[in-house]
Amino acid sequence: MRLWPASLFGRTAAILGLAFLVFQIAALALVAVTILKPMALRSADDLAGLMVLSVQTWVELPPETRPYFERELAVHHHLLIKRVDAPLAARADSFLNSSYIEQSLSRRTGQDIVLKAGENGWVWAEMRMGGHLIRIGFERDRYGVQSPLAAVGLVSLGALLTWLTALVMVRRISRTLVRLGSAAGEVGQGQMPQPLPESGATELVSLTRAFNRMANEVQALLANRTTLLAGISHDLRTPIARMRLALAMLPQDADARLIGQIEHDLEEMNRLIGSFLELSRGLQAEPVQMLDLNVLLDELAEDARRGGGVVEWKAQNACLAAVGPNSLRRVVSNLIENALRYGNHQPITLECLCTPGVAKIRIMDRGPGIPPDQIEAVFRPFYRLETSRNKATGGSGLGLSIAQQLAQANHWQVLLLPRAGGGLSAEVHIPIMPSVIEKA
């Protein structure tokens with residue numbers, strides 16, 4: 001389970017949330033230390049002083065004037081005082097400054113004073129003075145210091161509003177970055193995305209404008225490449241056709257071996273020109289249709305065997321996927337051709353594996369493999385590995401490039417992985433719906 005979010009918005013939200021939580025804890029701690037505690041101590045000391053003074057005054061007054069003093073104390077200070085014979089048993093529940101009141105009373109009287117619970121929210125303190133046990137009490141709600149919930153709520157609300165405002169701003173920035181990332185992916189596949197809206201902050205407008213300009217320039221370069229390759233390929237095919245015609249018109253006694261070599265070279269040139277033309281078209285995706293991948297691999301395996309290749313392949317259960325059949329055929333056939341060419345003349349193995357969400361086609365050989373640091377490079381047009389894929393044994397260097405571009409255009413993935421025991425495993429990953437697997 002991933003606890004830390006991966007997206008920019010999620011990480012920013014988490015960081016801001018933690019920062020505001022720390023701020024809230026620090027603010028509450030500061031309020032408690034600088035406001036609540038001093039206020040509770042002052043309030044407790046004032047109340048304890050009033051209670052002790054009231055008891056001392058009550059003891060010193062003549063008995064006939066004590067009722068007047070008791071009424072005066074109740075009306076003006078909301079304190080009740082009376083003489084009792086026995087102390088209360090139940091201790092009062094603690095509240096915000098109850099311990100401070102007990103400490104102040106004990107310090108002023110020299111007695112161990114404990115607040116006792118009374119009825120209707122009254123709290124009593126009992127002390128001995130002048131030979132009497134005097135009980136004096138107050139209403140807890142009136143003299144108990146209340147927590148500044150309003151201030152805490154205001155600070156919390158301010159922090160929450162600040163956090164939400166920051167999230168809205170980050171969300172707008174992250175959406176722009178997501179759109180840029182998506183559009184960049186389309187440009188990487190040779191497609192032309194819709195121009196992104198140039199709105200928002202100045203920096204984002206500049207970034208979006210630069211991206212739109214770059215996308216247009218990339219498309220212009222691709223169009224120029226297409227025109228150039230198509231023009232060169234077309235112009236080269238004309239002299240090739242004339243050379244073939246000239247070969248056909250040679251006299252019967254011409255060297256058949258030399259003619260065969262020339263025809264082979266012309267055929268190789270024509271094949272290379274066809275690869276150039278295919279690369280120049282941009283390799284766009286084609287309409288999809290439901291296809292059993294095992295049937296396609298059956299056909300490709302049989303084609304490879306007819307060409308002299310040794311292919312190990314056994315069809316499994318049906319594996320249905322919505323694909324462009326011609327594109328997939330070209331991708332897999334290119335990988336099979338590479339495996340046969342560089343597989344040290346050993347049999348190659350085909351596999352088709354249907355898993356939830358993805359179908360995997362594997363083409364495995366026992367060749368020298370590809371060094372890990374060259375995996376990405378072999379997908380570049382015209383790139384060859386010097387040690388094993390040189391001009392003497394290799395092709396045009398376009399097979400893997402065409403396969404990858406076709407796969408990207410169709411939202412597939414081509415992987416080149418080392419094979420256990422030596423060799424290379426080329427895999428094509430094709431997204432499929434789970435319901436298709438169940439149906440199959």
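The values are calculated or read from the model by the stated rules, or taken from the named source; none is laboratory data. Since we're looking at a predicted model, the values are computed, not measured. Positions of Cβ are generated from backbone atoms using ideal geometry, with glycine treated the same way; all protein chains shown enter the neighbour counts. For accessibility, only protein heavy atoms count, side chains too; no ligands or nucleic acids. Shrake-Rupley method; radii C 1.70, N 1.55, O 1.52, S 1.80 Å.
Just a few scattered comments:
- Helical contribution to [θ] at 222 nm, DSSP H n ≥ 4, -39,500 (n - 2.57), averaged over the chain, rounded to 500: -18500 deg cm²/dmol
- Largest to smallest accessible area among 162, 208, 65, 202 [probe 1.4 Å]: 202, 162, 65, 208
- Think of the chain as a dipole: +1 on every Lys or Arg Cβ, -1 on every Asp or Glu Cβ, centred on the Cα centre; then among 133, 9, 315, 133 lies furthest on the positive end.
- Note on residue 329: accessible area is roughly 80 Å² with a 1.4 Å probe, heavy atoms of protein only.
- Solvent exposure ordering (accessible area, 1.4 Å, most first) of 7, 54: 7, 54
- Degrees, to the nearest 10: 325-341 long Cα axis against longest axis of the chain: 70
- Residue of 153, 399, 17 that the Gaussian network model of the chain assigns the largest fluctuation, springs spanning Cα pairs under 10 Å: 153
- Rounded to 10°, Cα long-axis angle of helix 98-109 versus longest principal axis of the chain: 30
- Calculated accessible area for the chain comes out at 59 Å² per residue, all protein chains present (probe 1.4 Å; ligands, DNA, RNA ignored).
- Ranked by the mean number of other Cβ atoms within 10 Å per residue, highest first, peptides 82-90, 352-360, 263-271, 401-409 order as 401-409, 352-360, 263-271, 82-90.
- With the charge dipole of the chain set up from +1 on Lys and Arg Cβ and -1 on Asp and Glu Cβ about the Cα centre, the Cα lying farthest toward the positive end among the listed residues 412, 325, 55 is that of 55.
- Cys residues of the chain that find no other Cys beta carbon under 4.7 Å: 352.
- Exposure ranking of 115, 50 by accessible area [1.4 Å probe, largest first]: 50, 115
- Environment charge of residue 200, counting only residues whose C-beta is closer than 13 Å and scoring Lys/Arg +1, Asp/Glu -1: +3
- Sequence ranges 170-177, 317-324, ranked by mean other-Cβ count within 10 angstrom, highest first: 317-324, 170-177
- Set of aspartates and glutamates near residue 360 by C-alpha distance (under 16 Å), chain-local residues within fewer than 8 positions excluded: 292, 298, 351, 427
- Cβ-defined net charge surrounding residue 344, 9 Å radius [Lys, Arg +1; Asp, Glu -1]: 0
- For the chain, the longest principal axis of the alpha carbon atoms and the long axis of helix 293-306 meet at an angle near 30°.
- Area accessible to solvent at residue 199, 1.4 Å probe radius, in Å²: 70
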